């Protein structure tokens, strides 16, 4: 249903006489009448290490913030937004070049197995819940299109985290001159250029530093690994460069 606030929807849910409700990335808050309508309650699979990153976009926000770790948590749902006590948790390292899509797929598999275990324990009455910590609460607000454009004046690590945190959707982007016209390029994968100080000598933020799509940032540089032209398919940087003349000295904006 579009909403669960109406009496008709709540009555239909109660009529199911469900033992338990399982919610994963549902997008709607469950009202109290729904939370109390099942014999064993409502449990949620949430893709963060609560209380960090409550809310709509925990995977993207964790990577954009440069977190080194994420995970899946099975929690009992309450009236508040991701405030309920936690029953099971499994942590997952966020690798240096991992995208939001990569982390999503890993946590999807982890979360499915964790939910099966939680349901088995719940049925045996052996699933215990622990109240979330009061400290360390952060909120993962929904990604807005206005924040998808790359700001090359930020540090290389910030730009790298921005790109991979928004990949594959909605995708970070920037514009560059290709064939005499400005073209929007979606940036899907990148990596930090270790030990590269050319940005200090050769170019300003957003400038192309070599023939491998290494780009200067406000501090340091990144190398683009995978990009997508408007109307095209994702392509490795090497493949993209074969079809687009991108020379050192050009600049992303």
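The values are calculated or read from the model by the stated rules, or taken from the named source; none is laboratory data. Nothing here was measured: the structure is a model prediction, and the numbers come from that model. Every residue, glycine among them, receives a Cβ derived from its backbone with ideal geometry; neighbour counts consider all protein chains shown.
The combined condition, being surrounded by fewer than 18 Cβ atoms within 10 Å (Cβ to Cβ), assigned by TED's automatic domain parsing to the domain that holds residue 120 and out of contact with any helix residue (DSSP H, G or I) (no Cβ under 7 Å at 6 or more places or on another chain), is not fulfilled by residue 82. Checking each residue in region 13-41 for being over 15 Å from residue 122 (Cβ atoms), part of a loop (DSSP other than H, G, I, E, B) and touching a helix residue (DSSP H, G or I) at 6+ places or on another chain (Cβ under 8 Å) picks out 31, 37. Please state which one of 212, 184, 189 is surrounded by fewer than 20 Cβ atoms within 10 Å (Cβ to Cβ), part of a strand (DSSP E or B) and not assigned by TED's automatic domain parsing to the domain that holds residue 100. Only one candidate qualifies: 184.
Is it the case that residue 128 is part of a loop (DSSP other than H, G, I, E, B), surrounded by fewer than 19 Cβ atoms within 10 Å (Cβ to Cβ) and free of Cβ contacts under 8 Å to residues at least 60 places away in the same chain?
It is true that residue 128 is part of a loop (DSSP other than H, G, I, E, B), surrounded by fewer than 19 Cβ atoms within 10 Å (Cβ to Cβ) and free of Cβ contacts under 8 Å to residues at least 60 places away in the same chain.
Applying the set (1) in contact with a helix residue (DSSP H, G or I) (Cβ under 8 Å, 6 or more places away or on another chain); (2) part of a helix (DSSP H, G or I); (3) in contact (Cβ under 8 Å) with a residue 60 or more places away in the chain; (4) assigned by TED's automatic domain parsing to the domain that holds residue 33 to residue 162 leaves exactly one unmet item: (4). Residue 71 fulfils the conditions (1) in a strand (DSSP E or B); (2) touching a residue at least 40 places away in the same chain (Cβ under 8 Å) except for a single criterion, (2).
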